[in-house]
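Here the structure is laid out as structure tokens; the discussion comes afterwards.
The values are calculated or read from the model by the stated rules, or taken from the named source; none is laboratory data. As the structure is a computational prediction, the values presented were derived from the model and not from experiment. Cβ sites come from the backbone with ideal geometry, for glycine too, and all protein chains shown count toward neighbours.
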Amino acid sequence: MIRHHPDDSLLMAQAAGRLDSGSALVLATHAEHCEQCRERLRSFDVLGGVLLEQLEPTALAEDALSRALSAIDAPETPPPHRPTPLRRAALPEGRAWPRAMEGCAIGPWRWMAPGMRFSRVTLPWDLQANVILLRIGAGKLLARHTHSDSELTQVLHGSFHDGRALFSAGDFDATDDSILHQPAVEPGGECVCLAAVSGRLVFESRVARTFGSLIGI
Ligand SMILES: [Zn+2]
């Protein structure tokens, strides 16, 4: 059962296409498995349409019709060539990659600390997006940290508790500089999360801080 969802301001921004690519990917991954959020997104879509209809009509430029017609007649530009991206990391047995991540290149699992690995997710349509996968072993604790800006997380597998709540597969979490937490993976099994990081993770300990900057989080 999904217990943690994105709030309405995030869902509205997603419906309006106003989120950065990394955040939009994490939201889409959540909505894929959450009927409740898909429903909210649909209603915000409709609301957006109604608001557009209520806008005051404005006069069109004189050549608007001829420009629209020639745009329709113009030959279609072929879609940009997108090579099949590499997926060099695998999810735990029995877990499939979310459809929303189709087209993303997924780097190999890299060592981060004992029992902890990370993989960099590259969005070919936005190379600046800072998206990572974290794969943390059963019972392991991440270093205590806060965030210089925001971090959106979707749990793909397993579960963790960060002192505020328990987050399990399908759950979504949004954190910012107001939250200092130390996620601990539940003892039952490993946990895999997809995270979009705006700004940096700010670790309390100097060692974790140095390491975080080395791997670019
Ligand atoms: Zn939801």
Please name all residue pairs, on different chains or six or more residues apart, with Cβ atoms under 6 Å, provided the first residue is in region 1-26 and is closer than 23 Å to V121 by Cβ and assigned to a loop (DSSP other than H, G, I, E, B) and the second residue is among the small types (G, A, S) and away from the ligand (no atom under 14 Å from the Cβ). L19/A13
Selection status of D126, farther than 19 Å from R88 by Cα and crowded, with 21+ Cβ neighbours inside 10 Å: no
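Here's the yes/no breakdown for (1) modelled with pLDDT under 80; (2) surrounded by 10 or more Cβ atoms within 10 Å (Cβ to Cβ); (3) away from the ligand (no atom under 16 Å from the Cβ); (4) β-branched (V, I, T):
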| position | (1), (2), (3), (4) |
| --- | --- |
| M1 | no, no, no, no |
| S9 | no, no, no, no |
| G22 | no, yes, yes, no |
| R38 | no, yes, no, no |
| L60 | yes, yes, yes, no |
| A68 | yes, yes, yes, no |
| A90 | no, yes, yes, no |
| I106 | no, yes, yes, yes |
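Table: residues versus (1) more than 16 Å from the ligand (Cβ to nearest atom); (2) touching a residue at least 40 places away in the same chain (Cβ under 8 Å); (3) more than 21 Å from G199 (Cβ to Cβ).
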position: W111; (1), (2), (3): yes, no, yes
position: V121; (1), (2), (3): yes, yes, no
position: N130; (1), (2), (3): yes, yes, no
position: L134; (1), (2), (3): yes, yes, no
position: H145; (1), (2), (3): yes, yes, no
position: L152; (1), (2), (3): no, yes, no
position: R164; (1), (2), (3): yes, no, no
position: I179; (1), (2), (3): yes, no, no
How many residues are closer than 17 Å to E186 by Cα, of a type in the set (S, T, N, Q) and either over 15 Å from the mean Cα position of the chain (by Cα) or not in a strand (DSSP E or B) (or both) if we restrict to region 140-161? 1
In region 162-196, how many are over 14 Å from R3 (Cα atoms), not in a loop (DSSP other than H, G, I, E, B) and not β-branched (V, I, T)? 8
